[in-house]
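Below is one structure; the comments refer to it alone.
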Amino acid sequence: AALKDRLRSQVSAALKEGRVTPTELCQRCLALIKSTKFLNAYITVAEETALKQAEESEERYKRGQPLGILDGIPIAVKDNFNTAGIETTCASNMLKGYISPYNATVVQKLLDQGAVLLGKTNLDEFAMGSGSTDGVFGPVRNPWSYSKQYKEKSVPKSHSEDEESNWVITGGSSGGSAAAVSSFTCFAALGSDTGGSTRNPAAHCGVVGLKPTYGLISRHGLIPLVNSMDVPGILTRCVDDAAVLLGSLAGHDPKDSTTIQDDFKPFELPNLTDVSKLSIGIPKEYHVPGLSSEILAIWSKAAELFKNAGAKVVEVSLPHTRYSIVCYHVLCTAEVASNMARFDGLEYGHRSDMKDSTESMYAATRREGFNDVVRGRILSGNYFLLKQNYENYFVKAQKVRRLIANDFVKVFRSGVDILLTPTTLSDAAPYMEFIQEDNRTRSAQDDILTQAANMAGLPAINVPTALSERGLPVGLQFIGRSFQEKQLLTVAKWFEKQVQFPVIQLEEVKRHDSGVFQHQKSASFS
Amino acid sequence: LAPWIPVVGLEIHAQISSNSKLFSGSQVQFAAPPNSLVSFFDASLPGTLPVLNRRCVEAAVMTGLALNCSINKKSLFDRKHYFYADLPAGYQITQQRVPIAVNGSLSYSLCIDNKMSQMVTKTVRIKQIQLEQDSGKSLHDDTRSQTLVDLNRAGVGLMEVVMEPDMCCGEEAAAAVRELQLILQTLGSSQAVMAEGQLRVDANVSVHHPGEPYGVRTEVKNINSIRFLAKAVDYEIQRQIEELENGGTILNETRAFDSKLGCTVPMRDKEGKQDYRFMPEPNLPPLILYDAKSLPANMNHQQVINIDWIHERLPDLPSVKREKLVEQYGILPEHSFTLLNEDGLAEFFESVVKQTQMKPKKVIGWILNDLLSYLKQHSLTVKESPVSSSLLADLLNLLEKKEISSTAAKRVLVELWKGEGKTPLEIVKEQKLELLQDQKELEQICQAVIDGQENEVIMMVLG
């Protein structure tokens, strides 16, 4: 089995049949992580515990008693999920060195099924950002920056400019997780999605990024950004694998009162062949001003694809789309101001040396612990929550949120099954260009296509579609009905099969893959 | 000088009697080692979420029903933000928009002019009852310039009961709180012991002239007993009147009651210009309660709270218990108040009545005048009484059978207090307190006395 393999269809079978052992798999992933260190995708690599988990998994396979499809599978987790005994930093000085005493429910579920936790991935500080560039451990580099596909297409602007400064961003805020999956250092990764933080980097890194329906997967242990919009996100190599992860994570959690009570039945995705009964909606408001002509073309082509296959493709309207960013800013910053109030240096995390008074200690701790982006959102949020502003901002935004959610209800009620939209405005920007604008500006721009799904709590998925002129991934987004993940993923899987998105060609991975399992090489490329 | 009308309202925090806290599973216990009852959620560890404790909701519903409130079938939770060492999350979860119960009333009784014989019933409106978290405790160690924080209490469930400003003086406030305390203890929804911090009372006080709008009010905190409540309220009313009559103004401030000096002093302006930035608690869905009518057919009984079910199971409230005592035993209403006011006294009384032939109307005198005054003198509770109900019953039986006089009975009681284990009969024999019933014997004694005092007798006969 090769590191490029798909989880369910390839690696899982290989483990079961003994063609590869969990320990080998783990070791190779760890080695690849080391050699791709320049990507800065991982904040913490839990080498010892991962190898131990792999050994335990191996024992189970030897006895013929694997826990399930995830047993022995190396995975990575975004560093805003609590992992007992392994540092959880949220890429912030506030939590540097913080070792949580408990596992997030989703982490526990993965471990209970035998998954091997390789480490914690990099992100924008406290998940605030759309580039994975604003964490204290530095930016994450998009693996595609080092791909043959990108290098072939990139024209050096001057001969003094070398490869180093040309690298492109992963998108954010779950950039580390996306990069980890994209560079084959793990078979799946957990991200989080509040305004697009799983789908955006998935699109830029050419991987599948699933945002489940709000209330389907437990948030217990996910350090919150916006409690009413956050969901754990799933990043995988293919839609099938996303379904596997979903099946292992979804379901009511008594520790999270916002999860639904209904039983969740994990499903296997059917191989859809006939799309004639499908109605695809194309929301016209998603043809936003900043959308690159390239992506517009890819989007149109995709719509054509469905039409030619017999599906009904209709233009629909989500009239309140243009208010979603402003609405998001008010509600997000208000919740941020509230959620960050607990970081006072008293119980855990960073505590300033300032001792003059409790208040001065709070102020110094929070100034030292948070970056500009976090502090900016806290100040804005507190402003919106002031008694004299509450009605005009917070309550108004809640009302607008209801309107945005109703837009989707109306469209789905009219007979549309799935919406098809672009995920991002363009392919990944070079880092040097991206940082020319501040975090708030970039977030406002980049969230426009993904944010509304969080407002409405709907499931949405990015499917890698094609390469851009620059040789970088472009993805398209499917948005489905509440709790209809099966339908959403079935359609996404059909689409994935049609577009046959190319595998990234990375030098490092080739090196790691060659050698021991030569005879498996042919099976590793789909 | 125009008369002043004092106006008193109360905000009462009652700690809910439950095994675990309002939103987490850690234990509720008084005086445990510091920080030994703290869950991850209580410590505000990032990523933890609140989970509502069913028992706390039931306690609030019971209390709401006992106070004649409308129970809101849908109530909401909010975050109230401020920074303080004993508030780990930087916000308290409370019910600001829609509390669990509203618009109730509490009836309480007072003696007019300190005479037990004349009691008057008053009513105070209950504005609302809301569920909220208690904070931890912080102790300021000034010598070492440090603050010690104990989070054992952080997150314990509270019922905040808001009483409208329908009271006019310390006595009324005290009587209202006392009655509330009895109700809570009867329901079991709170142990309501002020000394253990299970019942905390803040008073809102203002004064105005008749016909004029209400005056500026002050909030008085740091009141540690019902007795101090009356004192604090009366002091504050007086202070405000004097201030205004001297041409001064009343500030809308928070004052602390100093029990040593018996006065109120301004507190550091902690709350004055605070904006709590209330925001809905996003991690808790609206709290939905059902009644028999609205209960969905196939709902699991374990999953829901049925208000009617709780209503049917409410115990007799103090007012009902008093009525029953008056009816059953023919005692006076004011007697029933005293009986219920002392923990265990009503049970003691009923126990004595069962074991004696003496009429309850007579027994009550012995309970309220003799037993109770002795207990008060020695600061004992009924449970700690050295005289058990059986012993007292035995004594009263001797009296009832005319084997001793009532004077003798009181002397026997004095002996019994010593708790030396002697029975009333033994004491009577020891001290030769038996009443002589025999006519002939009595005549002989009288004759003997007269015979021994001849001169005095002659003097008496002659006038």
>> How large are Rg and Dmax for region A:136-295 when calculated on the C-alpha trace, in angstrom?
In response: 18.5, 61
>> In whole Hz and in residue order, list the ³J(HN,Hα) couplings for region A:282-293 that follow from phi through the Karplus curve 6.51 cos²θ - 1.76 cosθ + 1.60, θ = phi - 60°; x for Gly and Pro.
In response: 10, x, 5, 5, 7, 7, 7, x, x, 5, 5, 4
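Out of all Cα-Cα pairs in region B:360-420, roughly what percent, to the nearest whole number, are more than 13 Å apart? Can you show the working numbers first?
Numbers: 1123 of 1830 pairs.
Tail of the P(r) past 13 Å holds 61 percent of the pairs.
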> Considering every Cα-Cα pair within region A:359-456, what fraction, in whole percent, is farther apart than 23 Å?
Replying inline: 51
>> Using C-alpha positions alone, give me the convex hull volume of chain A per residue in cubic angstrom.
In response: 150
>> Which of rounded, prolate or oblate describes the protein assembly as shown when judged by the alpha-carbon gyration tensor and an a/c cut-off of 1.5?
In response: prolate
> Over all pairs of distinct alpha carbons, what does the Kirkwood formula give as the hydrodynamic radius of region A:235-292, in Å?
Replying inline: 15.3
> Using the 10 angstrom Cβ neighbour count as an exposure proxy, how do A:T89, A:T170 rank, fewest first?
Replying inline: A:T89, A:T170
> Any idea what the relative contact order of region A:269-422 is, in percent, if you count C-alpha pairs under 8 Å spaced at least 6 apart?
Replying inline: 36
> Which three lengths, in whole Å and largest first, does region B:158-218 cover when its Cα atoms are put on their principal axes?
Replying inline: 42, 17, 17
> Here are some pairs, B:K401/B:K440; A:K62/A:K265; A:K255/B:K80; A:K265/A:K493; A:K4/A:K52; A:K387/B:K21; which of them have Cα atoms lying more than 25 Å apart in this structure?
Replying inline: A:K62/A:K265; A:K387/B:K21
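Considering Cα pairs under 8 angstrom that are at least six residues apart, work out the relative contact order of region B:5-289 and quote it in whole percent.
Values: 653 pairs, mean separation 70.0, N = 285.
Over region B:5-289, the number comes to 25 percent.
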>> Give me log10 I(q)/I(0) at q = 0.33 Å⁻¹ for region B:1-43, Debye formula, one equal scatterer per alpha-carbon, no solvent.
In response: -1.23
>> Using the alpha carbons of chain B, what is the convex hull volume per residue in cubic angstrom, as a whole number?
In response: 258
>> Apply the a/c threshold of 1.5 to the C-alpha gyration tensor of region B:221-340 and tell me whether it is rounded, prolate or oblate.
In response: oblate
> Given q = 0.11, 0.13, 0.15, 0.23 Å⁻¹, what are the Debye log10 I(q)/I(0) values for region B:348-463, with equal point scatterers placed on the Cα positions and solvent ignored?
Replying inline: -0.48, -0.59, -0.70, -1.30
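Taking the Cβ of A:G215 as the centre, find all other residues whose Cβ is under 13 Å away and add up their charges (Lys, Arg: +1; Asp, Glu: -1).
That sum, taken over residues with Cβ under 13 Å, equals -3.
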> Sorted from fewest to most neighbouring beta carbons within 10 Å, what does the list A:E368, B:E281 look like?
Replying inline: A:E368, B:E281
> What are the extents of the Cα atoms of region B:203-258 along their three principal axes, listed from largest to smallest and rounded to whole Å?
Replying inline: 33, 19, 16
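Run the helix sum for chain B: -39,500 (n - 2.57) per DSSP H stretch of 4+ residues, divided by residue count, reported at 222 nm to the nearest 500 deg cm²/dmol.
-10000 deg cm²/dmol
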> With the Cα gyration tensor of region B:264-401 giving a ≥ b ≥ c as the square roots of its eigenvalues, does the rule (a/c under 1.5 for rounded; else a/b larger than b/c for prolate; else oblate) give rounded, prolate or oblate?
Replying inline: oblate
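Net charge near A:S197: determine it from the other residues with C-beta under 12 Å of the C-beta of A:S197, scoring Lys and Arg +1 and Asp and Glu -1.
Result for the local shell: -2.
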> With Cβ to Cβ distances under 9 Å as the rule, what net charge do the other residues near A:L385 carry (K, R +1; D, E -1)?
Replying inline: +1
>> Students often forget the sequence filter, so: which lysines lie under 20 Å Cα-Cα from B:K376 once same-chain residues fewer than 8 apart are removed?
In response: B:K115, B:K410, B:K418
> When the dipole is taken about the Cα centre of chain B, and only Lys, Arg (+1) and Asp, Glu (-1) are charged at their Cβ, what size is it in debye, to the nearest 20?
Replying inline: 1300
> Near B:K324, which lysines are there with a Cα under 18 Å away, not counting those fewer than 8 places off in the same chain?
Replying inline: B:K354, B:K359, B:K361, B:K362
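Each reported figure results from applying straightforward, stated rules to the coordinates on display, with no laboratory input. Here the structure is a predicted model, which is why all the values come from computation and not from measurement. Here the Cβ is made from the backbone with ideal geometry for all residues, glycine too, and neighbour counts use every protein chain on show.
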